[in-house]
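Only one structure is covered here, and it is reproduced in the block below.
The values are calculated or read from the model by the stated rules, or taken from the named source; none is laboratory data. Computed from a prediction, not measured in an experiment: that's the story for all the values here. Cβ sites come from the backbone with ideal geometry, for glycine too, and all protein chains shown count toward neighbours. Keep in mind that these areas ignore ligands, DNA and RNA; they rest on the heavy atoms of the full protein, side chains included. Shrake-Rupley method; radii C 1.70, N 1.55, O 1.52, S 1.80 Å.
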Amino acid sequence: MSDSKELNARARELIPGGVNSPVRSCRSVGAEPLFIRQGYGSKIVTEEGREMIDFVLSWGPLLLGHAHPEVLRAAREALDKGSSFGAPCTGELDLAELIIDALPGVEMVRLVNSGTEASMSAIRAARAYTGRNKILKFEGNYHGHVDSLLARAGSGVATLSIPGTPGVPEDTVKDTLIAPYNDPQAVRDIFAEHGGEIAAVILEPVAGNMGTVVPDREFLTELRRICSEQGSQLIFDEVITGFRVAYSGAQGYFGVTPDLTCLGKIIGGGFPVGAIGGHREVMEMFAPCGSVYQAGTLAGNPVAMAAGAATLRTLAGMDYADLEQRTREFATKLQQILQPQAGPVQLNCIGSLFTLFFTPDPVTDFASAQKTDTALYGAFYRQMREQNIYLSPANFECTFTSFAHTDEDLETALQAARKVSL
Ligand code: KE4
């Protein structure tokens with residue numbers, strides 16, 4: 001039986017960096033990736049047979065935990081009838097209806113295969129609808145590897161300190177305007193200079209890709225006001241927050257309704273699904289109704305639709321408030337355990353996601369997030385992993401809980417944190 005060390009060596013011969021997504025490389029935390037053989041509930045099992053408590057959950061999709069029986073049953077039932085038809089199937093209608101019923105800003109939805117496709121397509125629709133080219137995004141936000149949005153992005157771009165946007169022509173990002181997160185004055189200044197040219201403002205309504213950064217509610221309401229006043233589309237990238245911070249997403253949690261919503265992760269229940277949702281008028285810009293081309297061979301495939309719909313149906317009956325409270329209590333205890341030896345630790349937490357920043361000052365934007373001591377986070381990560389607690393292998397990411405995490409799981413993780421020496 002190969003172990004992760006052997007598998008990593010083989011992987012690096014076959015796949016760039018041995019991974020199919022950079023943040024899995026664990027480079028920023030001074031570790032090698034673990035090869036995972038199986039997952040169930042809150043646990044994962046490595047190729048070495050180690051059972052670990054998982055706080056990454058495939059980077060967010062698994063709010064119900066791994067291999068939830070309802071999700072697997074639905075996927076198996078669909079799979080028995082075939083994997084993909086390239087033609088409409090009822091599963092697409094089921095998932096679309098669940099999304100539309102849950103999110104205040106969504107009257108119509110186009111299903112795609114990833115969050116990247118969702119944000120790329122949302123930008124295109126906004127530009128076509130407004131006839132404008134400029135897009136305003138925020139430092140530290142990550143919207144997938146969309147060329148025009150990779151400027152000063154978060155997630156792996158920040159984690160691996162990748163400069164700017166290698167491989168993306170200057171012309172591609174010339175219409176991308178950038179402001180600090182949580183800074184409404186900077187947004188007002190940019191609109192004062194470029195107002196009539198801005199097609200859309202896109203943001204993570206709770207930032208997850210510089211670590212967790214919760215917006216000031218006034219920041220969101222001011223973006224809504226400005227976009228309405230200026231005729232720009234407000235796009236919430238809810239790939240992480242959709243169905244996580246609340247069943248109604250961040251737009252329901254904060255009571256601020258965007259014009260367009262990007263979704264991914266949870267709506268596929270662990271299968272590749274993304275979605276763009278919004279007002280009918282904008283959504284019908286997409287071909288074949290309108291002329292904005294957007295397509296995908298496997299978009300709406302029946303297996304992913306069944307898994308996604310089963311996930312949302314199951315989540316609809318779950319107690320989000322209880323999970324948020326349990327998550328906050330757990331993260332606060334982690335912070336208290338670490339502070340005596342690590343010095344000041346900032347905790348940003350909302351819903352079932354949080355990040356610990358090893359820095360004395362509050363983290364409210366990308367500049368303050370970058371002051372975190374990533375080396376200390378790496379030491380914390382490695383020592384927790386040695387005790388079979390699997391945290392996000394990057395400080396500029398979220399740590400996730402799920403409805404599968406028991407009080408015993410959380411206490412086990414706290415016990416492990418008590419043994420860490422930083
Ligand atoms: P995908 O193309 O990876 O499905 O979604 C891109 C995306 C879009 N918007 C937000 C807010 C996102 O967080 C993401 C993807 N998130 C990263 C980690 N933060 C996924 C993990 C990875 O890149 O491997």
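In this structure, does Arg244 turn out to be assigned to a loop (DSSP other than H, G, I, E, B), touching a residue at least 24 places away in the same chain (Cβ under 8 Å) and not small (Gly, Ala, Ser)? Spelling it out, Arg244 is indeed assigned to a loop (DSSP other than H, G, I, E, B), touching a residue at least 24 places away in the same chain (Cβ under 8 Å) and not small (Gly, Ala, Ser). At least 1 residues being under 30 Å from Met305 (Cα atoms) and small (Gly, Ala, Ser) is the threshold, and among the helices (runs of 4 or more DSSP H) wholly inside segment 95-195 those reaching it are 115-130, 156-159. Which of the residues spanning segment 228-257 are open to solvent by 10 Å² or more (accessible area, probe 1.4 Å), β-branched (Val, Ile, Thr) and within 16 Å of the ligand (Cβ to nearest atom)? Val239, Ile240 - these are the residues of segment 228-257 that are open to solvent by 10 Å² or more (accessible area, probe 1.4 Å), β-branched (Val, Ile, Thr) and within 16 Å of the ligand (Cβ to nearest atom). Of all residues assigned to segment 103-121, at least one qualifies as being in the same structural domain as Lys174 (by TED's automatic domain parsing), without any contact (Cβ under 8 Å) to a residue 40 or more places away in the chain and under 30 Å from Pro180 (Cβ atoms). With respect to the stated conditions, Ser114 fails to be more than 16 Å from the ligand (Cβ to nearest atom), among the polar types (S, T, N, Q) and open to solvent by 30 Å² or more (accessible area, probe 1.4 Å). Taken as a whole, the condition of being farther than 20 Å from Trp59 by Cβ and open to solvent by 20 Å² or more (accessible area, probe 1.4 Å) does not apply to Ala309. Filter segment 3-16 down to the residues that are open to solvent by 40 Å² or more (accessible area, probe 1.4 Å) and in a helix (DSSP H, G or I), then identify the one that is nearest to Ala158 (Cα to Cα). It comes out as Pro16. Of all residues in segment 148-155, one or more are out of contact with any Ser or Thr (no Cβ under 6 Å at 6 or more places or on another chain) and charged (D, E, K, R). Of the residues making up segment 38-82, those that are of a type in the set (Ser, Thr, Tyr) and touching a Leu at 6+ places or on another chain (Cβ under 9 Å) are Ser42, Thr46. Within segment 349-364, the set of residues being buried (at least 21 other Cβ atoms within 10 Å of the Cβ) and either assigned to a loop (DSSP other than H, G, I, E, B) or touching a His at 6+ places or on another chain (Cβ under 7 Å) (or both) comprises Gly351, Ser352, Phe358, Val363. Taken residue by residue, segment 280-298 has no member that is in a loop (DSSP other than H, G, I, E, B), crowded, with 24+ Cβ neighbours inside 10 Å and at pLDDT 95 or above. Scanning segment 43-95 for residues that are small (Gly, Ala, Ser) and touching a residue at least 60 places away in the same chain (Cβ under 8 Å) returns Ser58, Gly60, Gly65, Ala74, Ala75, Ala78, Gly82, Ser83, Ser84, Gly86, Gly91. On the given criteria, is Ala31 assigned to a helix (DSSP H, G or I) and open to solvent by less than 30 Å² (accessible area, probe 1.4 Å)? Criteria not met by Ala31. In segment 259-279, the condition of being farther than 19 Å from Gly208 by Cβ, open to solvent by 40 Å² or more (accessible area, probe 1.4 Å) and more than 19 Å from the chain's Cα centre (by Cα) is met by at least one residue. All but one of (1) without any contact (Cβ under 8 Å) to a residue 12 or more places away in the chain; (2) within 21 Å of Val206 (Cα to Cα) hold for Gly277, so report the exception by its number. Here Gly277 meets the rest and fails (1).
For segment 81-98, the condition of being within 23 Å of His143 (Cα to Cα), touching an Asp or Glu at 6+ places or on another chain (Cβ under 9 Å) and not charged (D, E, K, R) holds for none of the residues. Scanning segment 373-400 for residues that are away from the ligand (no atom under 16 Å from the Cβ) and open to solvent by less than 10 Å² (accessible area, probe 1.4 Å) turns up Gly378, Phe380, Met384, Ile389. With respect to Ala246, is the statement that it is among the aliphatic types (A, V, I, L, M) and either closer than 16 Å to Phe138 by Cβ or more than 23 Å from the chain's Cα centre (by Cα) (or both) true? Judged against the criteria, Ala246 is not a match. For segment 187-215, filtered to residues that are in contact with a helix residue (DSSP H, G or I) (Cβ under 8 Å, 6 or more places away or on another chain) and more than 16 Å from the ligand (Cβ to nearest atom), the residue that is modelled with the lowest pLDDT is Gly195. Of everything in segment 126-173 that is hydrophobic (A, V, I, L, M, F, W, C) and touching a Pro at 6+ places or on another chain (Cβ under 8 Å), the residue that is surrounded by the fewest Cβ atoms within 10 Å (Cβ to Cβ) is Leu160.
Table: residues versus (1) in contact with a strand residue (DSSP E or B) (Cβ under 9 Å, 6 or more places away or on another chain); (2) within 16 Å of the ligand (Cβ to nearest atom); (3) open to solvent by less than 70 Å² (accessible area, probe 1.4 Å).
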| site | (1), (2), (3) |
| --- | --- |
| Leu62 | yes, yes, yes |
| Gly65 | yes, no, yes |
| Glu70 | no, no, no |
| Ala87 | no, no, yes |
| Glu92 | yes, no, yes |
| Ile100 | yes, no, yes |
| Leu103 | yes, yes, yes |
